[in-house]
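Single-structure report; data block below.
The values are calculated or read from the model by the stated rules, or taken from the named source; none is laboratory data. For clarity, every value in this text was computed on a predicted model and none was experimentally measured. Glycine gets a Cβ as well: all are built from the backbone with ideal geometry, and neighbour counts include every protein chain shown. Accessible surface areas use protein heavy atoms only, side chains included; no ligands, DNA or RNA. Shrake-Rupley method; radii C 1.70, N 1.55, O 1.52, S 1.80 Å.
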Amino acid sequence: MDDRPSSPFQPRTVATRALGVGRPPSTALTPSIDVSTTYVRDPDNGYSSGHVYGRKDNATVQQAERQIAELEHARDAALFGSGMAAAIAVFTALPQTHIVAPRDMYWGLRVWLQSPHRHRHEVSFVDMSRPDEVRSALRAGKTGLVWIETPSNPLWTVTDIAAVADLAHRAGAMVCADSTVATPVLTNPLVFGADLVMHSATKYLNGHSDVVAGALASADRSELWSRIKDMRDQQGAVLGSFDAWLLTRGLRTLDLRVKEQSRSAALIAERLRGHPAVGAVLYPGLPDHPGHAIAARQMPSGFGGMLSLRLRGGVAAAITAAARVQLWRRATSFGGIESLIEHRASIEGKGSPCPDDLLRLSVGLEDPGDLYRDLAGALDLVTHM
Ligand SMILES: *Cc1c(COP(=O)(O)O)cnc(C)c1O
């Protein structure tokens with residue numbers, strides 16, 4: 001007698017239903033990817049799992065969000081399809097207001113804020129490293145938001161988050177910090193008094209140059225925070241589950257990567273200071289950097305993996321040196337495991353406050369001695385330009 005199980009269904013049904021609803025029972029060590037766009041109702045017509053529809057309830061996306069919320073000491077976090085989508089969600093969820101933002105903020109956001117047809121706000125740009133400038137730009141009861149970016153890209157200007165948050169809160173404004181460069185390994189802006197923190201997760205959080213994503217994390221479940229999440233869910237600026245899974249995997253080595261990249265960057269910055277082609281090394285870890293003391297307090301376990309060089313030979317020397325390195329890859333973006341070099345003014349274009357003799361370096365996980373020798377060799381070639 002054949003006691004093998006027999007299905008009540010036709011082969012076509014057996015194949016289509018793939019053993020029915022949900023995950024196979026498993027004690028998998030590694031997180032699974034929830035690719036479902038929809039979830040099954042309970043027999044009593046409810047949704048006790050809390051998962052209804054993929055645009056807002058994807059379990060893999062929520063796992064990465066919880067990871068980021070914990071890392072930032074936040075009440076809640078939300079992922080977006082890019083860093084730009086995350087940042088712009090803050091600006092568009094705000095009722096019409098006055099915003100104070102840094103003059104040397106991430107250029108993509110600065111360009112967006114400077115385009116009056118894109119939003120309803122009035123924006124004042126200030127040197128955020130100077131609390132007196134922030135104080136005089138604030139309008140009590142009228143300024144709704146102060147945007148911080150520290151260290152700022154690509155000059156690595158350091159902002160005292162606690163000081164600016166105090167000034168902003170006295171004037172009745174909220175504070176959002178773009179902490180893409182610092183990462184939660186080096187700074188937790190919410191602990192220093194910011195209300196929101198933003199990340200381009202494309203950079204260090206994912207860290208492998210294979211996902212475009214953005215994140216916001218909030219100190220509390222404020223009215224603004226609910227509006228941000230509602231808008232994200234309605235407008236569909238969401239992250240896909242495969243990307244969220246890669247982000248979760250990248251986050252598992254965030255601490256090790258960022259600390260090692262900070263150590264290598266500090267070493268390279270120190271050694272490059274003596275190179276005759278280099279006029280200045282911009283790195284918050286160097287004692288003569290204007291923001292060094294604040295950075296030392298705000299970034300106790302490292303000054304980050306980003307630095308910039310200003311070349312004595314100007315724009316021609318900068319572009320030539322970038323073309324002569326072998327190990328560093330000549331590409332935009334940063335925060336990945338591979339080291340990148342970029343002539344920043346070339347990509348920012350007209351109107352950029354970025355000096356044209358500047359090379360931006362993103363230090364990866366290669367051996368720092370190899371990285372230094374490769375770069376120093378390229379700089380040797382432009383010493384007399
Ligand atoms: C890259 C970047 C952004 C924008 O993020 P995307 O993921 O590219 O949309 C915002 N802020 C900073 C500081 C960045 O470096």
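Here are the numbers:
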{"quantity": "Per-residue SASA entry for Lys229, accessible area with 1.4 Å probe, Å² rounded to 10", "calculated": "50 Å²"}
{"quantity": "Positive-pole candidate from Ser308, Ser352, Tyr372, dipole of region 298-385, charges at beta carbon", "calculated": "Ser352"}
{"quantity": "Tilt relative to the chain, helix 59-71 - C-alpha long axis, 0 to 90 degrees, to 10", "calculated": "40 degrees"}
{"quantity": "Label-point separation in nm, Thr332 to Thr16, each point 7 Å along Cα→Cβ", "calculated": "4.7 nm"}
{"quantity": "Sequence-separation-based contact order of region 10-58, relative, with Cα cut under 8 Å and 6+ spacing, percent", "calculated": "29 percent"}
{"quantity": "Considering only the chain, percent of DSSP beta bridges that pair antiparallel, nearest 5", "calculated": "55 percent"}
{"quantity": "Simple label model, 7 Å out from Cα along Cβ direction - Thr37 to Ala293, nm", "calculated": "5.8 nm"}
{"quantity": "The chain, dipole about Cα centre (Lys/Arg Cβ +1, Asp/Glu Cβ -1), debye to the nearest 20", "calculated": "500 debye"}
{"quantity": "Candidate lysines for bridging to Lys259, where Cα separation is under 30 Å - those fewer than 8 sequence places away on the same chain excluded", "calculated": "Lys203"}
